[in-house]
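The values are calculated or read from the model by the stated rules, or taken from the named source; none is laboratory data. On a predicted model such as this, the values are computed, not experimentally measured, just so you know. Don't worry about glycine lacking a Cβ; one is built from the backbone with ideal geometry, like all the others, and counts go over all protein chains shown. Each accessible area value is taken on the protein alone, full model and side chains, heavy atoms only, with ligands, DNA and RNA left out. Shrake-Rupley method; radii C 1.70, N 1.55, O 1.52, S 1.80 Å.
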Amino acid sequence: MTDKLNELTAAGVAVWLDDLSRVRLTSGGLDQLRREKHVAGVTTNPTIFAKALSDADEYNWQLRDLATRGVDVEEAVRMLTTYDVRWACDVMRPSYDGSDGVDGRVSIEVDPRSAHDADKTVAEAKALWWLVDRPNLYIKIPATEEGLSAITDTLAEGISVNVTLIFGLDRYSAVMEAFLAGLEQAKANGHDLSKIGSVASFFVSRVDSEVDKRLEKVGSDQAKALKGKAAVANAQLAYERYTEVFSSDRWKALAAAGAHPQRPLWASTSTKNPDYRDVIYVEELIAPGTVNTMPESVIHAYADHGETRGDTVTGSYDAARKVFADLESVGVDMADVIATLEREGVEKFEVSWQELLDGVTKSLKAAAQGTGSPNKAAKDNAKAADKAGGA
């Protein structure tokens, strides 16, 4: 049988898993995906951790120890999540070593409540880097306006960064500027640029979800014909900007000093609309030097019926610009779409973070009182949050 994921990797797309849990680690499932499905990295976020901690009893022993020590919930959450990420870094270390430090990375996010506070973001990035203490770690920092300076300052400390929640082209350009400035400062600070990595997580499917909703509201045949086109066009134009920045003289000077480029990472690549092909956000975004982080379901779907047709991004730029022009002609304000998605993206992660805190609080209380499974409290909290419409 054809190894479709190997074909995707050969086309220049690094396959990463958008998920992590203690169960994946204890069962050896993550290592199996690395060995058998070409998974070369892992991304996490507050929603992923909230679900992981509510679904498994593997956390019970650690919850009991934390309760015995009397730690507060903020410290407990960081102890639980950094434990998993450190373990995952060790599992992915062969990919890191085999790719000269480019792949094999595992991401952990700063507290999303600090997304608009640059100083707190940098301080937490440094703390997480120290806590996990693995060279193949990425610290995820949201690409808010305030986050841009935090990205630069964190990189300047020699810390690798995954910039997350990028939706628009102008903000993406600002992220690349922050990256270049960060590496220039890191070099001035005496850091080895070859050890510093970065990706820019450009969100995909959420763009279609928001735009399609607006097109439905317009209701014309012309508008409906544009459904499912905005997200891919947006990402394709982002790649155009990437190629421009990373062929500049400014970048070449950093590359000569050993720096690796900040790769575009396609995030939110599961298809939200069942009418769309389930691997559309993989097949239509194949380009050299990119990362596609996928839920396990999408990885298996691509392995089963994905089509690697070579580079599907380069050369698409004029068609992508036409999509944007057509969207504007039917009344879709893309600037407002992007602003809405960024605001909602941070808010959703804040909700998930609070859910995580609430679940761990109940679990610590149950562990301290010795009343049944500490994890049952987290499960009950997750169910209640789900009924209340939590992220």
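Relative to the compact-globule estimate of 2.2 N^0.38 Å, the Cα radius of gyration of the range 165-243 comes out at 1.51.
With Cα atoms as the point set, the radius of gyration and Dmax of the range 284-330 evaluate to 14.1, 39 Å. Both radii were evaluated on the Cα set of the range 133-210; the Rg over Rh quotient, with Rh as the Kirkwood radius, amounts to 1.01.
Using alpha carbons only, what's the Rg to Rh ratio of the chain with Rh from Kirkwood?
Reported Rg/Rh, Kirkwood definition of Rh: 0.97.
Here the relative contact order of the range 228-382, from alpha carbon pairs under 8 Å that lie six or more residues apart, stands at 21 percent.
Pairing the Cα long axis of helix 374-387 with the longest principal axis of the chain, what angle in degrees results, from 0 to 90 and rounded to the nearest 10? For helix 374-387, the angle is close to 40 degrees. For Thr271, the accessible surface of its heavy atoms amounts to roughly 40 Å² (probe 1.4 Å, protein chains only, rounded to the nearest 10). Karplus-based coupling profile of the range 96-102, in residue order and whole Hz: 5, 5, x, 10, 6, x, 7, with θ = phi - 60° in 6.51 cos²θ - 1.76 cosθ + 1.60 and x standing for Gly or Pro.
Legend: Rg and Dmax of the range 1-90, from Cα coordinates, 15.7, 54 Å.
Structure remark: mean-square fluctuation, Gaussian network model of the chain, C-alpha springs under 10 Å; the largest value among Arg250, Arg24, Arg134 belongs to Arg250.
Couplings 3J(HN,Hα) of the range 327-343, computed from phi: 4, 5, 5, 9, x, 8, 8, 5, 4, 6, 4, 5, 4, 5, 5, 5, 4 Hz, in residue order, whole Hz [Karplus 6.51 cos²θ - 1.76 cosθ + 1.60, θ = phi - 60°; x for Gly and Pro]. Restricting the trypsin sites (Lys or Arg not before Pro) of the range 321-353 to loop positions (DSSP other than H, G, I, E, B) with no more than 13 neighbouring Cβ atoms within 10 Å leaves nothing. The long axis of helix 169-188 is offset from the longest Cα principal axis of the chain by roughly 60 degrees.
Ordering Pro264, Pro94, Val337 by the projection of their Cα atoms onto the charge dipole of the chain, which places +1 on the Cβ of Lys and Arg and -1 on the Cβ of Asp and Glu, puts Pro94 at the extreme positive end. Apolar share of the accessible surface for the range 165-232: 47 percent from carbon plus sulfur atoms, 1.4 Å probe. Considering only Ala366, Val291, Leu193, and ranking their Cα positions along the charge dipole of the chain that arises from unit charges at the beta-carbon of Lys, Arg, Asp and Glu, the one farthest toward the positive end is Ala366.
The angle separating the long axis of helix 230-245 from the principal Cα axis of greatest extent in the chain is about 80 degrees.
Below 8 Å, C-alpha to C-alpha, sequence gap of six or more: please give me the relative contact order for the chain in percent. Relative contact order of the chain: 22 percent.
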